1. Tally time: how many residues in the range 102-128 are at pLDDT 90 or above, in a loop (DSSP other than H, G, I, E, B) and farther than 22 Å from residue 194 by Cβ?
2. Please count how many residues of the range 98-121 are over 10 Å from the mean Cα position of the chain (by Cα), over 17 Å from residue 211 (Cα atoms) and surrounded by 17 or more Cβ atoms within 10 Å (Cβ to Cβ).
3. Residue 124 - would you say it is under 15 Å from residue 15 (Cβ atoms) and surrounded by 20 or more Cβ atoms within 10 Å (Cβ to Cβ)?
4. Starting from residues that are closer than 20 Å to residue 100 by Cα and in contact with a strand residue (DSSP E or B) (Cβ under 8 Å, 6 or more places away or on another chain), keep the ones in the range 140-177 and report whichever is surrounded by the fewest Cβ atoms within 10 Å (Cβ to Cβ).
């Protein structure tokens, strides 16, 4: 096998580094109406927020996807949008980011012994500072975290891949390995010239460690 001289590893986070607690996919605001009730938000207020977001979605030509909503509106200063954004942040933090994969810290520590630069590229509603806060055990070892919330676009847009490569100071994209499980995000990485490793969701990290080493040669 040719020496790939991989210098950087870029991970998708969901179902790899962090696991969901149950079925938490949010395809529209209707699906979190129960959380509005739990948090004491009157139904009429929920309906108002939902209608406001629908209006904005039509302006952006987007479907009713919670992450796209937040990415599209994250720069808005409108006070009436602050509450639903905060609710989504709390929801995602509790259901994903606070549930790291077993052995995550050791996994990253072992990879860092090879002097890899480590990046996390995530389609998240959370800003980077909050992601680093909940992943505090590994945060010092992660060289860059890029969240679509702050970048403004999601995978597989090639701009977000180029952005994290720049943050990692990788000038040759073929020296970076992207690890993910979604076809579109893997294709996006390929389009910018990154190497890819396609894995199954919720893979055991000890197995993933072996697969990473199988796909590269250490120089």
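1. Number of matching residues: 3.
2. Here the count works out to 3.
3. When the stated conditions are applied, residue 124 passes them.
4. Ranking the qualifying residues of the range 140-177, first place goes to 141.
The values are calculated or read from the model by the stated rules, or taken from the named source; none is laboratory data. Predicted model, so just to flag it, every value in this text is computed and none were measured. Neighbour counts run over all protein chains shown; Cβ positions are idealised from the backbone, glycine included.
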